[in-house]
1. For the range A:164-276, what D do you get in µm² per second when you plug the Kirkwood radius from alpha-carbon pairs into Stokes-Einstein at 37 °C and 0.692 mPa s?
2. Mind listing the long-range amide H neighbours of B:Leu211? Cut-off is under 5 Å, sequence gap 5 or more, other chains count too, H placed in the peptide plane at 1.01 Å from N.
3. When the convex hull of the C-alpha atoms of the range A:337-468 is computed, what volume per residue in Å³ does it have?
4. Other chains near A:442-453: what is the mean number of their Cβ atoms within 10 Å of each residue's Cβ?
5. Tell me the Kirkwood hydrodynamic radius of the protein assembly as shown in angstroms, computed as one over the mean inverse distance between distinct C-alpha pairs.
6. Rank B:Thr21, B:Thr231, A:Thr370, B:Thr292 by accessible area, highest first, at a 1.4 Å probe radius?
7. Return a whole-number percent for the relative contact order of the range A:334-468, with Cα pairs under 8 Å and 6 or more residues apart as the contact set.
8. Would you tell me the accessible area of A:Leu361, worked out with a 1.4 angstrom probe on the heavy atoms of the protein chains, in Å² to the nearest 10?
Amino acid sequence: MQTIKDRADFMVNFSGMEFVFRFFPVFLLVYYAVPRRYREFVFLAGSYVFYAAGELVFLPLLAGLTVLNYLVGKKVKEHEGSYIVYRWQKAKRRRLLVLSLVLDVGVLVLFKALGTFVDNSLLPLGISFYIFKMISYQVDLYKGEIWEQTGFVSAALYFSMFPQVVSGPIMRYNDAGDGSRREYSLEHFEDGLKYFVIGLGMKVLLADRLGILWNDLQMIGFQSISTPLAWLGAAGYSLQLYFDFWGYSLMASGILVMLGYEFIENFHHPYASGSISEFYRRWHMTLGSFFRDYVYIPMGGSRCRGSRQILNLAVVWLLTGIWHGNGLNFILWGAVLGILIILEKMCYGRLLARLPVIRNLYVLVLIPLTWVIFAITDLGKLGIYFGRLFPFIGGAGIAVNSQDIVRYSQNYGGLLLAGALLCVPAVFRFYDRHKKNPVIILLLAVVFWYSVYFMASSAGNPFMYFKF
Amino acid sequence: MKFIKKSPLFLILLLTGILFTLAAAAGRSSIYAEQEYDILKAPLLSVLFAGINDDLYPWQLFERDAVETAALKEAAEPGDNGEEEPPKEDGPGSFEDPEPEITPEPARMPEPVRTPEPAPTASPAALPSAALTQTPGIPEGRLEPLRESTREEYLNHISADIYGDAGVLRAASFAFSRVDESYFDDALFIGDSRTVGLRDYTDLAEHADFLCETSLTVYKVMEESFKGYGTVEQVLAAKDYGKIYLMVGINELGRGTTEDFMAKYTEVVDALHELAPDAVIFIQGIMRVSGTKNDSDAIFNNGNINARNNAIATLADNKQFFYIDVNEAVCDEAGNLTADYTHDQIHLLGMYNELWKEFLLEHGVA
């Protein structure tokens, strides 16, 4: 998530004019102009051009890791055996898996450390995402779950495909496959385009506009915001993050659908959840299932003693925190979520499940608070913000303007309401039923051009709107 | 037909896209003539959308006087050649080169676009200072610039320091006195988002009136209708103010030259004086930006701010017009906005507006 924001001005930004009107149309033309059997290759080449435009210096790292992972994976596949699997084959496969995991995790840790302790610019574009795909690839091969052909182009494309390389979703190799299962039809293309347009609208029309609210709060200084504004800010930031990331995921998956792939769902109405555990089964689903399949379950998952289960959850959530960014607040964020999820599992989860409205309120209050921890990297400022949220526990505030909420709810009320509406699953059920309705289609066209209006006038930089 | 049924959205986007491109192409020589456009980065239709942002709509193509509208617009907003980008671009290398527009008529350059009506300052250097004072009652003795902005400065959005510090020194020679808060009971503050901060995060609004809005510029200030108040003219007609405090200028950086800015600023200050002849007018120096911003931004930096402050300071006569510079109260030794006082490197954090208020209390005119 960090990566998208830091590099908003490159072509790699799906909601930028350069991507929407330059790179992508040209790529589409070439992709559909060549015969089917060359399309994977065209996609791979396009992905490398895309990555090079984003961050040329780290392209060799991606290419090098791709070759190494492919070679190790190939060996693993060779020793798969047939009817009889010899013990030595098993051992060999295990050694190869360990080798690849040490390599991939080592590189990720190394660059995360460089990015954290030396300079943020040393964190290669999309590394958290493509390395997770490499790990997934190796483990799935080891477990014998990959049935498709694993040619070099297919593997390299899986690691580097441009819709996912910057920020996911973390697709599985089996969902990409070797190209034999693509659906090339106008209807399928149209579906992909709709996902893309909806995602674009979420990002440009909601997330980017709401982002200005959060920036305003930082500009004012948390010590000077009123308690209602602090809550409005927490809600605004939560919605901003949601539509930024969900919008991005929809654009990425929409592009893949336009290219003949299947849709990868990354968000499933998390704000309609009845518990924090459920929220994270519906939020950034491909990351959640990654941790579930490659960390939690191999450690024993839920099929073990209570204390071991707690440890497993703690490890997963600590890793989740570290993965999201370099700052103590991210670890704190992961820890708080881990504790809440452990408590749900061990203490009040069953009780909560029986309390319809209360369980929703529980999610709707707690999740925004955790996002505040996620948002504020400076622990001192984080403390101040919580002081403003809960003034009775000792956050008096300095130079607070008690009327600020009036102005901000006037300015952002509409956006917040629109955002809240899109948190309701029924809205999307309605859309699904009527998505071929001409009115809906016209509405999507308006969303597209209205987004383009903002993109053209801000040239991909929402902060242009922040005139002084 | 098959296409319409199976892929209607794609078809609509394709057709509207073509339509917008045609409109943009048609307006390229008329209403969009001033839009900057890079074919590698964006489609032609982007000028149409950027135009809407500047209140230029495609249907104006069909209006008879479309061309004149565009011409007027261009003239009314000096230097704002539809290029919304400059403020965000960092580093001189990334500026779009306005060469194609400039070369055919290089004479236009040193004193770029002017206001259409007989401008009070055609070229400050060329005219005797008496010519500057059209309005009766405007004090004389305004300082003249030492030189003109150069072509390079104009092209690189550098605000030239054409006045030097003579105005600032003369303004600082006045002995301001400490006043109490009741001093602001008949005060009017006019300004951009910085003044919004002063209004919202000090108690000054309990005494004074505030006409302020984010992104306000000296070019818009007299036309703007302020929510709940109306225009400056209406406000000044409705109440007798004893003091008018003005701070605008940060948004204008990167737009036009120091001469353009100064010409408009002079016009505004003189208009304020004409509308409220008895009011003391406090010309406030533009608040500087932090060191981080200063070092990384080719436009929003303190060199440009200081050059423009040096210009507007010359308007102070220490009788009716005074120049005060809040930077004395909020900047560090290096002359940058103190890093601890700001999050976004441009605005004071809410609580530090108190320093500004304190500074104003120290700088009353008895």
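The values are calculated or read from the model by the stated rules, or taken from the named source; none is laboratory data. Since the model is a prediction, treat every value here as computed from it, not as a measurement. Don't worry about glycine lacking a Cβ; one is built from the backbone with ideal geometry, like all the others, and counts go over all protein chains shown. Side chains included, ligands, DNA and RNA excluded: accessible areas come from the protein's heavy atoms. Shrake-Rupley method; radii C 1.70, N 1.55, O 1.52, S 1.80 Å.
1. 207 µm²/s
2. Those qualifying (amide H under 5 Å, at least 5 residues apart or on another chain) are B:Phe189, B:Ile190, B:Gly191.
3. 206 Å³
4. Mean number of neighbouring Cβ atoms from other chains: 4.
5. For the protein assembly as shown, inverting the mean 1/r across all distinct Cα pairs yields 29.9 Å.
6. Final ranking, largest accessible area leading: B:Thr292, B:Thr21, B:Thr231, A:Thr370.
7. Computed value for the range A:334-468: 7 percent relative contact order.
8. For A:Leu361, the solvent-accessible surface is approximately 100 Å².
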